[in-house]
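Nothing in this text is a laboratory measurement; each read-out follows from the coordinates by a stated rule. Please read all numbers here as calculations on a predicted model, not as lab measurements. Ideal geometry is used to build each Cβ from the backbone, glycine not excepted, and the neighbour counts take in all protein chains shown.
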Amino acid sequence: MAEVNEQSIVSEILPAEPADLAIISELVDRSYQTPYKPGGLANRALDTEEKLEQEIAEGTKILIIKKDGVIVGSNRYRMEGDGVCHLTRLAVAPEFRNQGIGSMLVKKTLAEAKNEGALLARLECMEEKELVPYYETFGFQVVEKNPHGKHTIVTMEKKID
């Protein structure tokens with residue numbers, strides 16, 4: 001697989017449009033069904049187009065990243081008050097993983113949050129998906145772990161500077 005040219009992709013990180021929601025829904029579901037690491041945990045995201053529309057109506061923003069005009073990744077965030085930005089649902093098409101796309105989306109999301117006045121970024125991930133070390137590379141730190149059924153939900157935070 002050819003390596004993605006970061007310079008061309010960075011200029012294509014855009015806010016999602018209503019016409020993108022069906023594609024984002026499919027992308028997120030496909031991404032979450034494919035383990036991040038071989039043998040890792042997979043799950044279903046179950047994000048319908050209607051659910052995405054509702055989230056946007058409630059203040060969630062979605063960033064997308066395109067390669068050759070095709071959406072290959074997305075990330076969501078919402079401001080929660082008191083300068084807190086909540087990041088959710090980072091997704092990269094499985095065939096485009098390990099090319100820096102997720103990292104570009106996280107960095108762009110943090111920059112957008114900062115521009116909107118965020119002082120702190122927060123996210124949750126399932127410990128079993130082994131994503132804690134990934135988010136630690138951006139400066140996120142574990143602040144809480146809670147059992148949730150058969151899984152452990154890890155809350156991570158990062159001061160935005």
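Points worth noting:
- Across region 9-155, the relative contact order, built from alpha-carbon pairs under 8 Å that are at least six residues apart, equals 21 percent.
- Rounded Å value of the spacing that divides the Cα centres of region 58-122 and region 127-151: 17
- For region 6-159: rounded, prolate or oblate by the Cα gyration tensor [a/c cutoff 1.5]: rounded
- Adding -39500 (n - 2.57) for every DSSP H run of four residues or longer, then dividing by how many residues the chain holds, sets the calculated 222 nm ellipticity at -8500 deg cm²/dmol.
- Placing +1 on the Cβ of every Lys and Arg and -1 on the Cβ of every Asp and Glu, with nothing else charged, gives region 6-159 a dipole about its Cα centre of roughly 460 debye.
- Each residue of region 141-151 is assigned a 3J(HN,Hα), and the resulting list reads 10, 5, 10, 6, 10, 9, x, 9, x, 8, 10 Hz, derived from the Karplus form 6.51 cos²θ - 1.76 cosθ + 1.60 (θ = phi - 60°), x at Gly and Pro.
- Listed values for region 85-98 are Karplus-derived 3J(HN,Hα) couplings in whole Hz (6.51 cos²θ - 1.76 cosθ + 1.60, θ = phi - 60°), namely 10, 9, 8, 9, 6, 5, 9, 10, 3, x, 6, 10, 6, 6, and x replaces Gly and Pro.
- The protection proxy used here, the mean number of other Cβ atoms lying within 10 Å of each residue, ranks peptides 78-91, 12-25 as follows, highest first: 78-91, 12-25.
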